[in-house]
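FYI, it's all coordinate maths here, none of it is from the lab. Values in this document were obtained by computation on a predicted structure and should not be read as measured data. A quick note on method: Cβ atoms are made from the backbone with ideal geometry, for glycine too, and the neighbour counts reach across all protein chains shown.
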Amino acid sequence: MTDSSNKDRDLQTRIVQPEDRITPGFESFSVPVARASTVVFPDLASMRSLVWSDDSKWRYGLHGTPTTIALAQRLAAIEGGEFALLQPSGLAAISNVYFGLVKAGDHVLIPDNAYGPNRDHADWLVEDFGLEATYYDPMTGAGIADSIRPNTKLIWLEAPGSVTMEVQDVPAIVAVARAKGIVTAIDNTYSAGLTFKPFEHGVDISVQALTKYQSGGSDILMGATITRDAELHKKLKRARMRMGIGVSADDASLVLRSLPSMKARYEAHDRTAFALAQWLKTRPEVTAVLHPALADCPGHEFYARDFTGGAGGLFSIVFDGRYTSAQVDAFVEALDLFSIGWSWGGAHSLAMPYNIRSMRTASQWPHEGVLVRFYIGLEAEADLRADLEAALAKAFA
């Protein structure tokens, strides 16, 4: 574009294309919010070189702005990855992995404790798109080899499962997958990348629901795929582009604002959750407390070996089988400080009952009683304990 004086132009033109002179040198702690659909190029040669390059950052607002790239870089750094892509939800990040890496006729392995919408997504791809999917016992470890087929292209992991809390032997599964050239992807939302580092254990792709601890406010939906592998990153990036997936720079700025406090919040959630989990183990109404840091939680030995720095605020309990679903529902509804809701990671505590037997297809659930998952927020431990105690007394008297 050529330069020309603006003073003789119509007022409307001067409003649309002003001669702003912003004083340079301003700095603050926050990343500026760069909102853009149109990215402007200095000349045609620059446009053509960028548009035809897979490595280009700036060619269309959907693919990235300085704000979203800043968030992606920080997320990669937290997990020890090299590349990150943002998606509008955790499920969108899961979808990005499917559509970026597998096609009709390919086979995918999914743990039986996987995030429910991942299962639903896989079932949809099987029914409508010709994918093959098998659910496997999350505690199989190296036994995953028995489930691998010649057309297996992707193995999902989730450690721990976000409802039933089994911790998988990730290195054992990854070793089998690598020997056969199969890509592994883990839903690492539980640890937020703080206490479990998937790339140190050989995993190829980490998926995060930034909706959870990274946001911390129960008010943002966002996801991310993170990897160290440049070729995998390019495949995911191309799929994201072709599906038209993008995120708001405003939402990205809110997650950026929350990241500096994430570790401190995670540790606070962890302290209170572990204390309450230990107390609940003493309650006669409860037959199992499923918290990875407790020695009797399935896969605790893998948690002790592979995790550092705590387990955050999420754990589950199983009530004695003599109590009916209606009684457990009454307990949940009697809680005052625990709201009923699924999407955890914020400041407020949550409780949700589950019928696990109806969710399993590849492994047998050993418990008879109803499971309730707790998310422990940032309320005082004493107040949460008193609330739980009062609800137990009311529902099971």
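Our Cα-only numbers for the stretch 122-267 put the radius of gyration and Dmax at 16.4, 46 Å. Less than 5 angstrom separates the built amide H of Ser89 from those of Gly223, all sequence-distant by 5 or more or on a different chain. Taking amide H as placed 1.01 Å from N in the peptide plane, Asp169 has its amide H under 5 Å from the amide H of Gly141, each at least 5 places away in sequence or on another chain. With no solvent and one point on each alpha carbon, what is the Debye value of log10 I(q)/I(0) for the stretch 154-202 at q = 0.30, 0.32 Å⁻¹? Results for the stretch 154-202 at q = 0.30, 0.32 Å⁻¹ read -1.23, -1.32. Taking 28 Å as the straight-line reach from the Cα of Lys234, the lysines in range (excluding those fewer than 8 positions away in the same chain) are Lys57, Lys103, Lys153, Lys180, Lys197, Lys212. Antiparallel beta bridges, as assigned by DSSP with both residues in the stretch 44-256, represent about 40 percent of the total such bridges.
Taking every DSSP bridge with both residues inside the chain, close to 55 percent are antiparallel. Look at (1) 62, 52, 45; (2) 84, 53, 36; (3) 70, 47, 36: the one that is Cα extents along the principal axes in Å derived from this structure is (2). Backbone geometry of the stretch 244-253 corresponds, through the Karplus equation with coefficients 6.51, -1.76 and 1.60 at θ = phi - 60°, to 3J(HN,Hα) couplings of x, 8, x, 10, 6, 4, 5, 5, 4, 5 Hz, x marking Gly and Pro. For the chain, the relative contact order works out to 16 percent when only alpha carbon pairs closer than 8 Å and six or more residues apart are counted. Taking every Cα-Cα distance in the stretch 73-123 and sorting them into 5 Å bins from zero, the calculated P(r) comes out as 4, 16, 23, 22, 19, 13, 3, 0 percent. Per the helix-only calculation at 222 nm, which mean residue ellipticity applies to the chain, given -39500 (n - 2.57) for every DSSP H run of n ≥ 4 and division by its residues, nearest 500 deg cm²/dmol? Using -39500 (n - 2.57) per qualifying helix, the result is -11500 deg cm²/dmol.
Sequence gap at least 6, Cα distance under 8 Å: using those rules, report the relative contact order of the stretch 90-197 to the nearest whole percent. That works out to 27 percent.
Radius of gyration over Kirkwood radius for the stretch 200-349, both on Cα atoms: the Rg/Rh ratio is 1.03.
Bridges between two residues of the stretch 175-311, per DSSP, are antiparallel at a rate of about 60%. Mean-square fluctuations from a GNM of the chain, with a 10 angstrom spring cutoff on Cα atoms, peak among Asp123, Asp169, Asp112 at Asp123. For the stretch 261-396, the convex hull drawn through the C-alpha positions has a volume of 112 cubic angstrom per residue. Karplus-derived 3J(HN,Hα) values for the stretch 311-325, using 6.51 cos²θ - 1.76 cosθ + 1.60 with θ = phi - 60°, are 10, x, x, 10, 7, 10, 10, 10, 7, 3, x, 6, 8, 7, 4 Hz; glycine and proline are entered as x.
Charging the Cβ of each Asp and Glu at -1 and of each Lys and Arg at +1, and nothing else, the dipole of the chain about its Cα centre rounds to 920 debye. Computed from backbone phi, the HN-Hα couplings of the stretch 373-388 come to 8, 10, 10, 9, x, 10, 6, 5, 4, 4, 5, 5, 5, 4, 5, 4 Hz, rounded to whole numbers (Karplus: 6.51 cos²θ - 1.76 cosθ + 1.60, θ = phi - 60°; Gly and Pro given as x).
Under 5 Å between amide hydrogens, built in the peptide plane, is the criterion, and for Ser349 it picks out Ser339, Gly377, Leu378, Glu379 among residues at least 5 positions away or on other chains.
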